[in-house]
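The values are calculated or read from the model by the stated rules, or taken from the named source; none is laboratory data. Everything quoted here is computed from the prediction, not taken from an experiment. Using ideal geometry, Cβ is built from the backbone for each residue, glycine included, and neighbour counts are taken over all protein chains shown. Note: areas computed on protein heavy atoms with side chains; ligands, DNA, RNA excluded. Shrake-Rupley method; radii C 1.70, N 1.55, O 1.52, S 1.80 Å.
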Amino acid sequence: MILEVENLSVRYGSLTALRGVSLGVDEGQIVCVLGPNGAGKSTTLAAIAGGVAIHTGIIRWCNQPISGLMPEAISRLGLSLVPEGRHVFSTLTVEENLLVGTYQRRDRQEVAKDMKRALEIFPRLRERIHQPAGRLSGGEQQMLVICRALLTNARMLMMDEPSLGLAPIIVDQVYEMLLNLRQRNGLTLLINEQSSERILKFADHVYVLRSGELQLSDAAANLQDGKAIMNAYFGFDARPAELAAAGNGGGR
Ligand SMILES: Nc1ncnc2c1ncn2[C@@H]1O[C@H](COP(=O)(O)OP(=O)(O)OP(=O)(O)O)[C@@H](O)[C@H]1O
Ligand SMILES: [Mg+2]
């Protein structure tokens, strides 16, 4: 396993956002964390990236404990977080935004090569390389933050709801690119999403979080009918009537 999270708990003041969450990611896998609003998905990624203090638990990256390290140190180890929302520097150009992703790197010649390769994967960014990032469309900004994260030399990308606020066709393009990156670079992906629809097509493993606790962990291949995910997501028993209600958009 390239990433192991054991018994992770996070508190914000008196609120327990995560309670005893354990999960693992193998190298080259696409792993998805699903769950409704407030389930603790963003907190999970933030805790792994060193952005929030953890209350209990241990996080290992390549068999080394990383819990307690500063976010910059974790990022230097090859673990990169793309946070929720598209955080581009809107007055900087596309190129300048990409260079921000490389400031920690010393291997400047490799950076230049990686930049060239990245722009081959994202030709729309290459065409707009000297434009201010604030003028890009939502989908293009999403590509920019993914590209910037890749240029940190990431072995694993953690993406917080990459499809949020994007048109379905753009989401498909973003996911196609992620698949492509896994194939070409052996990239490992840990992705938060609210909906299982798209993710079930290409995730290897799925976790469902609800109210800060892990409800389900299984290979995506075993979850294709969506029933177990629905149960875990809404907290229903596996009774057909309730499942039918959930399928109609019901919930709590
Ligand atoms: N900085 C914070 N301070 C206090 N409470 C927080 C903070 N961040 C998150 N929380 C709370 O922790 C819980 C988990 O939040 P989190 O953002 O991890 O959920 P999420 O699964 O990412 O939800 P969403 O799908 O809405 O993004 C929520 O109840 C939220 O209100
Ligand atoms: Mg979130």
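In percent, how large is the relative contact order of the chain, given Cα pairs closer than 8 Å and 6 or more residues apart?
Relative contact order comes out at 25 percent.
Using the heavy atoms of the protein chains alone and a 1.4 angstrom probe, what is the accessible area of segment 3-247 per residue in square angstrom?
47
Over the Cα atoms of segment 3-247, how large are the radius of gyration and the largest Cα-Cα distance (Dmax), in Å?
18.2, 61
Can you tell me the convex hull volume per residue for segment 75-158, based on C-alpha atoms, in Å³ to the nearest whole number?
Per-residue hull volume (Cα only) is 83 Å³.
Rounded to the nearest 20 Debye, what is the dipole magnitude of the chain about its Cα centre when Lys and Arg each give +1 and Asp and Glu each give -1 at the C-beta?
So the magnitude is around 500 debye.
Please list 163, 217 in order of solvent-accessible area, largest first, computed with a 1.4 Å probe with all protein chains present.
Order by accessible area, largest first: 217, 163.
On the accessible surface of the chain, probed at 1.4 Å, how many percent belong to carbon and sulfur atoms?
For the chain, the apolar C and S fraction of the accessible surface comes to 50 percent.
Can you give the local net charge around residue 202? Use residues other than it whose beta-carbon is closer than 10 angstrom to its beta-carbon, Lys and Arg +1, Asp and Glu -1.
That sum, taken over residues with Cβ under 10 Å, equals +1.
How long are the three semi-axes of the equivalent ellipsoid of segment 33-89, in whole Å, if each is the root of 5 times an eigenvalue of the C-alpha gyration tensor, listed from largest down?
Equivalent-ellipsoid dimensions as semi-axes: 19, 16, 10 Å.
Can you say what percent of the DSSP beta bridges in the chain, counting only those with both residues inside, are antiparallel? Round to 5.
Close to 55 percent.
How big is the dipole moment of segment 1-119 about its Cα centre under a simple scheme where the beta carbon of each Lys and Arg is +1, that of each Asp and Glu is -1, and everything else is neutral? Debye, nearest 20, please.
Roughly 120 debye, rounded to the nearest 20.
If contacts are Cα pairs under 8 angstrom and at least 6 residues apart, what is the relative contact order of segment 125-237 in percent?
About 19 percent, as a whole number.
For residue 55 and residue 1 in one chain, what is 0.36 nm times their gap in residues minus the Cα-Cα distance, to one decimal in nm?
17.1 nm
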